[in-house]
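Asker: Okay, handing you the structure first.
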Amino acid sequence: MLKSKTFVKKTRSGGILKIVREHYLRDDITCGFQGCTECKQENPVLRQDTHMQSSLCQFPHYILPDTNVLLHQIDVLEDPAIHNVILLQIVLQEVRRRSAPVYKRIRDLTSNSDKYFYTFTNEYHRETYIEQEQGENANDRNDRAIRTAVKWYNKHLQSSQKNKNLQVILITNDWRNKEKAVEEGIVAYTCEEYIKSLLANPELVDRLSYVSNEQSTRHLFTPADRRVPRIRIETRQASVLEGQRIIVAIDGWPRNSRYPNGHFVKNLGTAGDKETETEVLLLEHDVPHQPFSQAVLSFLPKMPWSITPEDMKHRIDLRHLHVCSVDPPGCTDIDDALHCRELENGNLEVGVHIADVSHFIRPGNALDQESANRGTTVYLCDKRIDMVPDLLSSNLCSLRSQVDRLAFSCIWELSQDAKIINTTFTKSVINSKASLTYAEAQMRIDSPDMNDEITKSLRLLNKLAKILKKRRIDNGALTLSSPEVRFHMDSETHDPIDLQTKELKETNSMVEEFMLLANISVAEKIFEEFSEYALLRKHPAPPPGNYDILVKAASSKNLEIKTDSAKALADSLDNAESPEFPYLNTLLRILATRCMMQAVYFCSGLDSDFHHYGLASPIYTHFTSPIRRYADIIVHRLLAVAVGADCTYPDLTDKQKIAEICKNINFRHKMAQYSQRASVAFHTQLFFKNKGIVNEEGYILFVRKNAIVVLIPKFGLEGTVFFDDKDRVKPKLLYNDEIPYLTVENTTFYMFDKVKVKISLDASNIQHQKIRMVLVEPEIPGVTISERDQKNTNGEPVTKKCKRAK
């Protein structure tokens, strides 16, 4: 059935334009009800057994919410107790126009098979479409369309003898719409009326964005972030929520109220509990960590999986090569593997083989969209939040030993002095002969008794890597420092029982050099082929002012740091040595790291500065970790098209689309870093909770007007010791910003001075537990040292604060 509307409008040039809009109506749109005998439908969504026990509706029913209910009560609708909901097309269109975040949450509900949310396209159904009447505004027309759809549903469902008692209930907070619905014989309630009537789920009342004072007690919620004011919520379960981390949403802030009003959304668990605090830090940093949906998992390969002849098209067989991987202990998502062998002409063949993740993740499907949204894998101290499902990350895309795997290979012919003769990019099949840790690979290289093919390959790779590294550093690449810590976990409780800084071996550098070389080679190739659409990574040079503290700190030790260029900085750091103070160079490199800008992804067609300051490279990208970085998947797709191994698609050659991808992955990468630091900070708290009070030596990293910032190398921990106390007489303080130094009474502290501090955990406030540091040596007679919130080596607060969690 065709409905058409004709009207004319005046164009800018003064002409008259006739417009005809056609609207097609159908009679084959199904109701979605499982027990319907009228509609022919293969996969009905709405269940016959509704399970919704309401004191107002003592009969089986579905609910149909209007636009305002969806917009303002989405927290209620997301609760597992709410199911069998009919969503009208006209309502979803309005929600999409008014709130994209709420619309996405609704779409997630409709894709959740356990919720039974059904979308009914009422605007294209012959019996539910209505014309706008003369003088009727759009809002009134939409309300009438909603009521029309409810009446049709009730008539349709009751036409079957099995469904005589089944009804559709209109849920609306618009009193005029409700009044008219009742006049037309429709059962209608406000959201509050209906939720309060649910006998088995009284706790749902707390999730309403507005709850009347009746039958409910007001309480003040104290956010973990002190910058956020306390929020007034109404709840019946205050005693249960005491001492819990909860999520609260703010509904509004009356002008005559000291506090904003809000409502309870979710209980995360007991404050201080490891699982709870991990959930908090993931929420705080907006890390997507929900289980992969069935829609996403449906695009995974069916098991058992094997390589087919179709997979071998545009791919070479390299399973004969002695390829191996070198990774940290316990690594299951192995992105990369290496090989090296001598050629007959005396040159060396080196291959970097990267997991071919883009073979399994095709553009535009649900798996690709989810990977793009997550952007990166997040590594916490005790768990990993994967970017792609486990079947790919730890199995089919992981280059484990003794199994055939699809790869994307970058193969160079190098001279004995590591100069590139030629470069080949090809999709391949490999079979890794060994999965080694850095320590195992180092042992093979150093052992005179081992001369197998893998060991020979490693020795050649290590020799070439040293040459490549020296060449990079000679060109001005920086070698910076940021102490990383590793926790040793108890096998039963999984609590940290030991904490130490990570030890780097030659093999760490060996792998890094060839990953860098592969990334540079691929960047050159994709930019050559796609000058406007290449996804690249740049590292801007820091503003000169960033180096002030570094220059001053070096000057205090009679050392000169030049910052005119990356080369000048690198040479200065190399020369900044002190035989009496071996750790001085590390401290200077830690400070230099603090001066750097953040590296970012960008689209080549929208930028002109490609330079990577830290690597001293004119062009760079990420190709070597597609299991854990979405940027690498896009780079793989560009490279595959460039070498004729795959076909392109519209978004791949759209500058704005690439720019949008870059914006998201830059954000996700930053949040992943912050959440990883927060995880380290929390586990450091757990460590000192079990360890008790510890005295350790450290170095002054900064001096402030009233404090010193101390770095504890053993724990990679940074904390501030304050020389003032509001309850005591303030000591005599003299601060010099030029040197810099701080004099407390008669004791002067300079940057990099060695001190001893007492470290402990202050758990007196469960909401804000913190690491305390107290100065032990040198002792300052008559001065009380106060402690405040401490930080780790990356400058992040040890006590991470969730903006919406108590």
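The values are calculated or read from the model by the stated rules, or taken from the named source; none is laboratory data. What you are looking at is a predicted structure, and each value in this text was computed from that prediction instead of being measured. For neighbour counting, all protein chains shown are included, and Cβ atoms are generated from backbone atoms with ideal geometry for every residue, glycine included. Keep in mind that these areas ignore ligands, DNA and RNA; they rest on the heavy atoms of the full protein, side chains included. Shrake-Rupley method; radii C 1.70, N 1.55, O 1.52, S 1.80 Å.
Asker: I need the Kirkwood Rh of region 64-115: take the reciprocal of the average 1/r across all distinct C-alpha pairs and report it in angstrom.
Answerer: Hydrodynamic radius (Kirkwood, Cα pairs) of region 64-115 is 10.9 Å.
Asker: To two decimal places, what compactness ratio does region 220-363 give when its Cα radius of gyration is scaled by 2.2 N^0.38 Å?
Answerer: My calculation over the Cα atoms of region 220-363 gives 1.83.
Asker: Please name whichever of C57, L92, I106 sits farthest to the positive end of the charge dipole of region 1-153, dipole taken about the Cα centre and charges placed at Cβ: Lys and Arg +1, Asp and Glu -1.
Answerer: L92
Asker: If you filter region 67-164 for trypsin sites (Lys or Arg not before Pro), then keep DSSP loop positions with at most 14 other Cβ within 10 Å, what is left?
Answerer: Passing sites in region 67-164 are R126, K164.
Asker: Run through every distinct alpha carbon pair of region 714-764 and return the Kirkwood hydrodynamic radius in angstroms, one decimal place.
Answerer: Computed over Cα pairs of region 714-764, the Kirkwood hydrodynamic radius comes out at 13.4 Å.
Asker: Using a 7 Å offset from the Cα along the Cα-to-Cβ direction at both A295 and K456, what is the distance between the two label points in nm, to one decimal?
Answerer: With each label point 7 Å from Cα toward Cβ, the separation is 5.4 nm.
Asker: Please compute the Kirkwood hydrodynamic radius over region 138-288, one decimal place, Å, based on all pairs of different Cα atoms.
Answerer: Answer for region 138-288: a Kirkwood hydrodynamic radius of 18.5 Å.
Asker: How would M515, M443, M312 line up by accessible area, probe 1.4 Å, largest first?
Answerer: M443, M312, M515
Asker: To continue, here is another question. For a test of the definition: using alpha carbon positions, the gyration tensor, and the 1.5 limit on a/c, classify region 194-271 as rounded, prolate or oblate.
Answerer: oblate
Asker: I'd like the GluC sites (Glu not before Pro) in region 97-206 restricted to DSSP loop residues with at most 15 other Cβ atoms within 10 Å, sorted by number.
Answerer: Of the GluC sites (Glu not before Pro), the ones in loops of region 97-206 whose Cβ has at most 15 other Cβ atoms within 10 Å are E127, E131, E133, E136, E184.
Asker: Pop out the carbon and sulfur fraction of the accessible area of the chain as a percent, whole number, probe 1.4 Å.
Answerer: Roughly 48 percent of what the probe reaches on the chain is carbon or sulfur.
Asker: Kindly state, to the nearest 0.05, the FRET efficiency for H51 paired with Y379, given R0 = 35 Å and r defined as their beta-carbon distance.
Answerer: About 0.30, to the nearest 0.05.
Asker: Given labels modelled 7 Å from the Cα in the Cβ direction, how far is it in nm from D571 to T748?
Answerer: 3.3 nm
Asker: Which order do S239, S306 take by accessible area at a 1.4 Å probe, largest first?
Answerer: Greatest to least solvent exposure: S239, S306.
Asker: Starting from the eigenvalues of the Cα gyration tensor, five times each then square-rooted, give me the equivalent ellipsoid semi-axes of region 629-698, largest first, whole Å.
Answerer: 45, 13, 9
Asker: At a temperature of 37 °C and a viscosity of 0.692 mPa s, determine how fast region 76-181 diffuses translationally according to Stokes-Einstein, using the Kirkwood radius over alpha-carbon pairs as Rh; express D in µm²/s, rounded to the nearest whole number.
Answerer: This corresponds to a translational diffusion coefficient of 217 µm²/s.
Asker: Quick check on the chain: helices-only [θ] at 222 nm, where DSSP H runs of length 4 and up contribute -39,500 (n - 2.57) each and the sum goes over total residues. Nearest 500, please.
Answerer: After summing the helix terms and dividing by residue count, I get -9000 deg cm²/dmol.
Asker: Taking the Cα centre of region 596-652 as origin, work out the dipole magnitude from +1 charges on Lys and Arg Cβ and -1 charges on Asp and Glu Cβ, in debye rounded to 20.
Answerer: In debye, rounded to 20, region 596-652 gives about 180.
Asker: Right, here's the next one. Taking the square root of 5 times each eigenvalue of the Cα gyration tensor, what semi-axes in Å does the equivalent ellipsoid of region 233-293 have, largest first?
Answerer: So the three semi-axes of region 233-293 are 25, 16, 10 Å.
Asker: Then there is this: Where the only charges are on Cβ atoms (+1 Lys, Arg; -1 Asp, Glu), what is the dipole of the chain about its Cα centre, to the nearest 20 debye?
Answerer: Rounded to the nearest 20 debye, it is 2060 debye.
Asker: Also, quick follow-up: Determine, for each peptide in 468-481, 426-439, the mean count of other beta carbons within 10 angstrom over its residues, then list the peptides with the highest first.
Answerer: Averaged packing, sorted descending, gives the order 426-439, 468-481.
Asker: Right, here's the next one. Gain in length, S531 to S113, computed as 0.36 nm per residue apart minus the alpha-carbon separation, to one decimal in nm?
Answerer: Result for the pair: 146.1 nm of gain on full extension.
Asker: First measure r as the distance between the Cβ atoms of Y583 and K705, then evaluate 1/(1 + (r/R0)^6) with R0 = 22 Å and state the FRET efficiency to the nearest 0.05.
Answerer: 0.25
Asker: Rank H289, H636 by accessible area, highest first, at a 1.4 Å probe radius?
Answerer: Output order, biggest surface exposure first: H289, H636.
Asker: Hey, another quick one. In debye, nearest 20, what is the charge dipole magnitude of region 5-90 about its Cα centre with +1 on Lys and Arg Cβ and -1 on Asp and Glu Cβ, if you could check?
Answerer: Magnitude of the dipole: close to 980 debye.
Asker: So, in nm, how far is label K758 from label N365 when the simple model puts each one 7 Å beyond its Cα toward the Cβ?
Answerer: Each label point lies 7 Å from its Cα, and together they span 6.2 nm.
Asker: A further question follows. Suppose we keep just the alpha-carbon trace of region 12-75; what are its Rg and Dmax in angstrom?
Answerer: Over region 12-75's Cα set, Rg and Dmax evaluate to 20.5, 63 Å.
Asker: If R₀ is 22 angstrom, what is the calculated FRET efficiency for the pair Q416 and R471, using the beta carbon separation as r and rounding to 0.05?
Answerer: Given R0 = 22 Å and the Cβ-Cβ separation, E is 0.95.
Asker: Would you mind computing Rg(Cα) / (2.2 N^0.38 Å) for region 505-566, counting N as its residues?
Answerer: 1.70
Asker: Quick one, can you get me the convex hull of the C-alpha atoms of the chain expressed as volume per residue in Å³?
Answerer: 245 Å³
Asker: Just subtract the alpha-carbon distance of T217 and T653 from 0.36 nm times their residue separation and send over the number in nm, one decimal.
Answerer: Working it through step by step, the gained length comes to 151.2 nm.
Asker: Got a sec to turn the phi values of region 521-527 into Karplus ³J(HN,Hα) couplings, 6.51 cos²θ - 1.76 cosθ + 1.60 with θ = phi - 60°, whole Hz, x for Gly and Pro?
Answerer: Couplings: 4, 5, 4, 4, 5, 6, 6 Hz.
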